[in-house]
1. Out of (1) part of a helix (DSSP H, G or I); (2) farther than 22 Å from N165 by Cβ, what's the single condition that is false for L342?
2. Taking the criterion of being in contact (Cβ under 8 Å) with a residue 24 or more places away in the chain, of a type in the set (K, R), part of a helix (DSSP H, G or I) and surrounded by 15 or more Cβ atoms within 10 Å (Cβ to Cβ), would at least one residue in segment 311-334 satisfy it?
3. Does L66 count as within 18 Å of the chain's Cα centre (by Cα) and either crowded, with 21+ Cβ neighbours inside 10 Å or at pLDDT 85 or above (or both)?
4. So G349 clears everything in (1) more than 19 Å from the chain's Cα centre (by Cα); (2) surrounded by fewer than 24 Cβ atoms within 10 Å (Cβ to Cβ); (3) in a helix (DSSP H, G or I); (4) not charged (D, E, K, R) except one condition, right? Which one?
5. Is segment 179-187 home to any residue that is farther than 16 Å from S77 by Cβ, open to solvent by 10 Å² or more (accessible area, probe 1.4 Å), small (G, A, S) and assigned to a helix (DSSP H, G or I)?
6. Out of L434, L395, L440, which single residue is in contact with a helix residue (DSSP H, G or I) (Cβ under 7 Å, 6 or more places away or on another chain) and either under 24 Å from P333 (Cα atoms) or at pLDDT below 90 (or both)?
7. Please pick out the residue among G222, G211 that is part of a loop (DSSP other than H, G, I, E, B) and surrounded by fewer than 23 Cβ atoms within 10 Å (Cβ to Cβ).
8. Check segment 139-151 and report whether any residue there is outside any helix (DSSP H, G or I), surrounded by fewer than 18 Cβ atoms within 10 Å (Cβ to Cβ), hydroxyl-bearing (S, T, Y) and out of contact with any Cys (no Cβ under 7 Å at 6 or more places or on another chain).
Amino acid sequence: MMGLMASEETRTADTRTAMSSPSMSSMSSTSSTGRGAAAAGTPDTTPGAGRTRAWATRLMVLGIVLSALNLRPAITSLGALLEEVRDGLGMSGSVAGLLTSVPPLCFAVFGITAPRLARRFGPAAVVCAGMVAITTGLLIRPYVGGTAGFLAASALALMGIAVSNVLMPVIVKRWFPDRVGSMTGLYSMALAMGTSLAAAITVPLTDVMGGDWHPGLAVWAGLAAAAVLPWLPLVRDRGAAPGEPRPEQARTAAAAAGEQPAPLRITRSRTAWALAVFFGLQATAAYITMGWMAQIFRDAGVAAGTAGLLLAVTMVMGVPLAFVIPRVATRLPHQGPIVLVLGVCGLAGYAGLYLAPAGGAWAWAVLLGISNCAFPLALTMVGMRARSGAGVAQLSAFAQSTGYLISIPGPLLVGVLYQQSGGWGLPIALMAGLMVPQMLVGFLAGRDRTVEDEAAAH
């Protein structure tokens, strides 16, 4: 897969290079224009430069995959050992309950800073720093001692996840503008694999290491450290794609030409708002599923081990579908039909949980796993609803930060309804009810238009 992406990207870069060679540009440019092009970072035409671009592209694909693998283990590994962590730290039940809302809160608060950091340091450098933050946070949080230190170290790791969440669509758009669907699918598939892997093997790994939850959590820092390495050679180029000027060179060239890009007022775009609400509602469904679905099955009489397997099936469904759905989405002028199909699967799954939770448990797990693939679809639409890299950065930050804020109350509200009603009827009704507006706003977000055009029209 990486070799194919690299070879295709190299052909694209070589075409751009050939079109901008001296023999072509001399027909219509003066010497001063030539100096301006050089200042803007005209790509090198030597064979060595082509090989460098090919290796840079391979490193970028590897960096995207390894980074995606690390965007959820900090959360799902903790969920697997939450009881042991609570006992070890003397954590109260209320504080442990709040842990389910910490990830979306951190994603919202820190994610909004990602575009500004990317403009200053370059997307690759920010993602590299994010992987370092994840590594550090995961390594120290089991050993800092006390609830406050544990939460602070978790927040450090979640900060790295937040900025990487936002910038992945930006990097895909910049480096693979003609392969947004396939690269988003690869990234989403790796993210789903990391989520499932941490949920499935954290407890067995802890048992192998003597049953101590401290190394059982810290071991995931090793995977995050591996994700730092591919980004290191890309940091110096500030995340510039092959044949593309570095950010500071582009700004210098624009200033010399007297060009000042107009700021994009993202809040004036109806599509941006629709995408933000869609992102928030699908995140709500995902966090409710991860936090409560196993308990729903257990309360229906399903064995604890089987309930865990059912949850794993739901999450594993995202591995193949996260690669397929973005590729299909980029081939359609309107992504609304995919939104509706996923929503119908979700409604069917919730109806099954309500009517026969144990009798058709495996079918409901599969249907809800399909429904949860709204996440890679949302990421794909972020890359499609903006024309420029800067537009994608703003849209990604706005949609994800606003969306994660929307998702915070959902898991808590389900817990309150369950406790007050003494059963799962009302919580399941809430989950199904939220699926309806998710389908509506997702259909609106899937229309073929860009946030730049909508913002300029107001």
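1. (2)
2. The answer is yes; a qualifying residue exists.
3. Yes; evaluated as a whole, the condition is true for this residue.
4. Here G349 clears every test but (2).
5. Yes, because at least one residue in segment 179-187 is farther than 16 Å from S77 by Cβ, open to solvent by 10 Å² or more (accessible area, probe 1.4 Å), small (G, A, S) and assigned to a helix (DSSP H, G or I).
6. When all the criteria are applied, what remains is L395.
7. Going through G222, G211 in turn, the sole match is G211.
8. Scanning segment 139-151 turns up at least one residue that is outside any helix (DSSP H, G or I), surrounded by fewer than 18 Cβ atoms within 10 Å (Cβ to Cβ), hydroxyl-bearing (S, T, Y) and out of contact with any Cys (no Cβ under 7 Å at 6 or more places or on another chain).
The values are calculated or read from the model by the stated rules, or taken from the named source; none is laboratory data. It should be emphasised that the depicted structure is a prediction, and the values quoted were computed from it without experimental measurement. Don't worry about glycine lacking a Cβ; one is built from the backbone with ideal geometry, like all the others, and counts go over all protein chains shown. Heavy atoms of the whole protein, side chains included, go into the accessibility calculation; ligands, DNA and RNA do not. Shrake-Rupley method; radii C 1.70, N 1.55, O 1.52, S 1.80 Å.
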